[in-house]
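The block underneath contains the structure these notes are about, expressed in structure tokens.
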Amino acid sequence: MARSLARSLWAEGYGDLVGNTPRRLSSVDYHYTIMALGLNANRQAMHPGTTVRQDCLERNGLSVTDAARILGVDRQTLSNLLNARSGISPEMAVRLEKAFGTSAREWLIRQLDYELAEVMRRADEIEVEPFHTPAGERRGEA
């Protein structure tokens with residue numbers, strides 16, 4: 001999704017936001033770009049469990065029980081994922097890759113993008129003290 005957004009933004013003349021050529025936006029760049037363009041930044045992100053339900057179970061006509069058996073997990077574990085009560089762990093990502101073909105890395109990226117989107121929705125509420133390097137000093141120098 002971020003890749004297609006970057007290409008779309010570039011094609012529509014937003015080259016300053018995504019560079020002179022289409023490139024994959026980092027999750028942070030993607031979310032800041034969405035906010036900068038005023039594109040429904042407050043819309044709740046889709047939990048990756050929804051994608052698992054649609055792309056793995058429904059597409060293949062599997063029940064939760066059948067899919068849990070295929071994945072080698074108990075039904076409650078899969079149900080928690082599908083109902084957004086838990087996320088995709090690295091182990092679950094490997095199980096999904098082995099069972100349904102989508103790479104473990106892609107599942108983990110979806111999970112990370114979801115978590116980042118949830119945090120970005122409340123980024124203004126996160127307070128930190130900015131770090132400033134003392135004048136004349138550079139990082140990494142003793």
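Annotations for the structure displayed:
- Being surrounded by 14 or more Cβ atoms within 10 Å (Cβ to Cβ), closer than 22 Å to Leu112 by Cα and at pLDDT 95 or above is a property that holds for Leu57.
- The residues on offer are Leu62, Leu71, and the sole one that is touching a Lys or Arg at 6+ places or on another chain (Cβ under 9 Å) and modelled with pLDDT of 95 or more is Leu71.
- Residue in the range 41-54 that is modelled with the lowest pLDDT, counting only those that are outside any helix (DSSP H, G or I) and more than 15 Å from Asn80 (Cβ to Cβ): Ala41
- Among residues of the range 69-86 that are assigned to a loop (DSSP other than H, G, I, E, B), those with a beta-carbon under 6 Å from a residue that is among the small types (Gly, Ala, Ser) at least six positions away or on a different chain give the pairs Ala84/Gly49.
- On the stretch given as the range 97-142, residues that are in contact with a Ser or Thr (Cβ under 7 Å, 6 or more places away or on another chain), surrounded by 12 or more Cβ atoms within 10 Å (Cβ to Cβ) and either in contact (Cβ under 8 Å) with a residue 40 or more places away in the chain or not assigned by TED's automatic domain parsing to the domain that holds Asp66 (or both) total 4.
The values are calculated or read from the model by the stated rules, or taken from the named source; none is laboratory data. Since the model is a prediction, treat every value here as computed from it, not as a measurement. Neighbour counts run over all protein chains shown; Cβ positions are idealised from the backbone, glycine included.
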